[in-house]
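The values are calculated or read from the model by the stated rules, or taken from the named source; none is laboratory data. The structure displayed is predicted, hence computed values, not measured ones. Glycine also receives a Cβ, built like all others from the backbone with ideal geometry; neighbour counts cover every protein chain displayed. The area values use the complete protein model at the heavy-atom level, side chains included, leaving out ligands, DNA and RNA. Shrake-Rupley method; radii C 1.70, N 1.55, O 1.52, S 1.80 Å.
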Amino acid sequence: MLNPTRYQTTSNKLHLYEKIRYLAPYYSIFGWGGYASISYQNHGSETPRGLEQNIGGKNVAIFWDLDNKPPRSFPPYDAALRIKKAAQQFGFVKYMIAYANRHAFSYVPPEIREQRKERKSLNQLENKGIVMPKEPYVCEVCGRRFHNNERFINHFRQIHEREQMKRLNQIESARGKRRLNLVARNAVKMEKYRNAARDILTPKVGYGLADELKRAGFWVKTVSDKPQAADVELRHRMVDMMDRRMVECLVLVSDDSDFVEVLKEARMRCLKTVVVGDISDGALKRTADAAFSWQEIMIGKAKKEAVLVVGKWKDRNVLQKLEWTYDPERD
């Protein structure tokens with residue numbers, strides 16, 4: 001016999017679970033889910049698990065060799081999103097994986113270093129009253145306005161950063177349903193703080209490469225500092241996913257010719273291969289079914305050309321089915 005009270009309690013729990021599940025991707029540090037809405041981290045295994053529901057078509061996996069091809073000339077978040085949009089033309093992007101050693105994450109590109117020097121010089125001029133900003137600095141969290149950048153940053157650190165740490169400590173110390181309620185209650189405030197901090201605070205290490213890629217949906221793995229460690233780990237992951245038949249299309253972001261054999265293996269297994277790199281006539285691009293440059297990815301040209309590439313693949317498959325073959329027993 002159905003217990004109405006028990007059923008109502010279970011229904012409330014399911015409703016709460018669905019609510020938290022929607023919010024979980026933004027709070028991976030607490031041990032639920034992954035880094036973005038399309039890619040959830042599977043605890044107990046290093047392989048990130050995609051959503052169980054597929055929208056149809058081929059499953060696509062993006063493998064990014066950050067040691068060989070970091071987005072030094074482009075903002076990491078924008079570069080990651082544009083790669084993803086181009087890859088979506090080949091099917092459902094189910095996995096996005098990036099590998100690098102700690103030096104890749106601690107490196108600061110010359111453009112970023114120049115911007116920081118200019119900002120530091122401008123702060124000194126503002127402190128002396130020589131220069132005044134055309135528009136005041138507006139805090140995206142509370143809306144306060146400042147005419148001095150250093151005062152603006154001090155305000156953000158002393159008030160909003162402390163509030164954020166207090167919220168995180170409360171969630172870390174809570175358990176069970178109370179922990180879920182705290183995350184649901186503070187979801188908007190925490191996301192608002194993160195969006196503001198991204199533009200205001202300078203990352204303590206590097207220029208925030210790992211955090212920006214995670215925000216874009218990538219599963220980021222730091223490997224040892226041994227030579228070729230990232231290449232070895234990435235090749236093993238690609239072969240493992242091919243063995244388990246998890247994807248039908250591989251998108252590799254690299255110029256390293258060490259991946260040629262992996263691409264050949266993928267083609268032997270009838271998988272489609274796509275390469276993103278800057279070397280116009282490299283071994284990887286000669287081996288892959290399709291290839292794009294960084295410039296084509298960033299200006300959106302790759303996304304348009306990918307549609308034409310998929311059309312050619314479909315036409316080729318139709319022609320192969322129509323080819324006549326001689327079978328002595330049948331003919």
Residue under question is residue 241, and the condition is that it be closer than 11 Å to residue 63 by Cβ, surrounded by fewer than 23 Cβ atoms within 10 Å (Cβ to Cβ) and modelled with pLDDT of 90 or more; does it hold? yes
Exception for residue 204 within (1) without any contact (Cβ under 8 Å) to a residue 24 or more places away in the chain; (2) not in a loop (DSSP other than H, G, I, E, B) falls at (2)
Looking only at segment 179-196, how many residues end up being within 19 Å of residue 155 (Cβ to Cβ) and either open to solvent by less than 40 Å² (accessible area, probe 1.4 Å) or in contact with a Ser or Thr (Cβ under 8 Å, 6 or more places away or on another chain) (or both)? 3
Pairing a residue in segment 298-322 that is under 25 Å from residue 277 (Cα atoms) and at pLDDT 70 or above with any residue that is open to solvent by less than 80 Å² (accessible area, probe 1.4 Å) and not in a helix (DSSP H, G or I), where Cβ atoms lie under 6 Å and the two sit 6 or more apart in sequence or on different chains, gives 298/74; 302/292; 309/290
Does segment 83-119 hold any residues that are over 30 Å from residue 238 (Cα atoms) and of a type in the set (Lys, Arg), and which are they? 113, 116, 117, 119
Tell me the residue from 94, 117, 85 that is at pLDDT 90 or above and closer than 26 Å to residue 229 by Cβ, please. 94
Among the residues of segment 197-225, how many are surrounded by 17 or more Cβ atoms within 10 Å (Cβ to Cβ) and more than 30 Å from residue 61 (Cα to Cα)? 2
Out of 111, 126, I need the residue that is acidic (Asp, Glu), open to solvent by 80 Å² or more (accessible area, probe 1.4 Å) and part of a helix (DSSP H, G or I). Which one? 111
Scan segment 47-60 and give yes if some residue there is in contact with a strand residue (DSSP E or B) (Cβ under 9 Å, 6 or more places away or on another chain), at pLDDT 50 or above, in a strand (DSSP E or B) and among the hydrophobic types (A, V, I, L, M, F, W, C), otherwise no. yes
